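Asker: Could you have a look at this structure, given as structure tokens, before my questions?
Quick note: the coordinates plus some simple rules give every number you see, no bench work behind them. Keep in mind that this is a model prediction, so the values were computed, not measured. All Cβ positions, even for glycine, are placed from backbone atoms using ideal geometry, and neighbour counts span all protein chains on display.
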Amino acid sequence: MPYKILEQQKIQILEPDNLLIPEDNQKIIEEVTCLISEGKNNFVVNLSEVPYVNSIGLSFLISILTRARSAGGEVLIANVSDKIKQILLMTRLQAMFTVTNSVEEAVAHFSQLTKV
């Protein structure tokens with residue numbers, strides 16, 4: 001399986017193996033869409049197993065972010081490699097995403113958002 005989706009404190013944790021295969025990304029997007037329809041609209045994309053992304057991966061991240069925000073949710077990215085950070089910076093997409101050092105940090109960030 002190219003990905004896992006776990007739940008932690010009502011936050012959906014996406015754990016893809018890679019983001020380079022459009023068909024695999026589409027399967028994840030379809031599952032995310034189902035979760036959003038169930039009212040689960042906050043996500044952490046754990047990129048610990050993804051050392052690199054290309055335009056296909058960036059498109060995936062933007063698609064997940066757009067769907068979640070349209071439903072009143074948010075997407076945080078955790079465990080981002082230096083290469084991916086550089087790509088986000090070069091494409092000026094870093095401003096769109098909140099990047100955290102770990103899934104735990106991302107979940108804690110969501111806890112802070114709900115307290116505000």
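Asker: How much length, in nm to one decimal, is gained on full extension between Leu58 and Glu38, taken as 0.36 nm per residue of separation minus their Cα-Cα distance? Show your work: numbers first, answer last.
Answerer: Values: separation 20, 0.36 × 20 = 7.20 nm, distance 2.52 nm.
Length difference between fully extended and current span is 4.7 nm.
Asker: Hey, another quick one. Picking from Val53, Gln26, Gly73, whose Cα lies most toward the positive end of the charge dipole for the chain (charges on Cβ: Lys, Arg +1; Asp, Glu -1)?
Answerer: Farthest towards the positive pole: Gly73.
Asker: log₁₀ I(q)/I(0) of the chain at q = 0.10, 0.21, 0.22 Å⁻¹, via Debye over equal Cα point scatterers, no solvent, to two decimals?
Answerer: -0.25, -1.23, -1.36
Asker: With θ set to phi - 60°, apply the Karplus curve 6.51 cos²θ - 1.76 cosθ + 1.60 along segment 82-96 and write out the HN-Hα couplings as whole Hz, x wherever there is a Gly or Pro.
Answerer: Once rounded to whole Hz, the list reads 4, 5, 5, 4, 5, 5, 4, 5, 5, 8, 6, 8, 4, 6, 7.
Asker: For Cα pairs less than 8 Å apart in space and 6+ apart in sequence, what is the mean separation divided by the residue count of the chain, i.e. the relative contact order in percent?
Answerer: Details: 172 pairs, mean separation 28.8, N = 116.
So the answer I get is 25 percent.
Asker: Let me ask something else. Given the -39500 (n - 2.57) contribution per DSSP H run of 4+ residues, what per-residue ellipticity at 222 nm results for the chain, rounded to the nearest 500 deg cm²/dmol?
Answerer: Working: 4 runs with 54 residues, N = 116.
Result for the chain, helices only: -15000 deg cm²/dmol.
Asker: What do you get for trypsin sites (Lys or Arg not before Pro) in segment 24-116 restricted to DSSP loop and a cutoff of at most 16 other Cβ within 10 Å of the site's Cβ?
Answerer: Values: sites: Lys27, Lys40, Arg67, Arg69, Lys83, Lys85, Arg92, Lys115; in loops: Lys40, Arg92.
Qualifying residues, ordered by number: Arg92.
Asker: Would you work out the charge dipole size for the chain about its Cα centre, treating the Cβ of every Lys and Arg as +1 and the Cβ of every Asp and Glu as -1, and quote it to the nearest 20 debye? List each step's numbers first, then the result.
Answerer: On the way: 10 positive and 13 negative charges, 86 e Å.
So the magnitude is around 420 debye.
Asker: Check which residues have an amide H placed less than 5 Å from Thr98's amide H, if you skip close sequence neighbours.
Answerer: Distant-sequence amide H within range of Thr98: Ile77.
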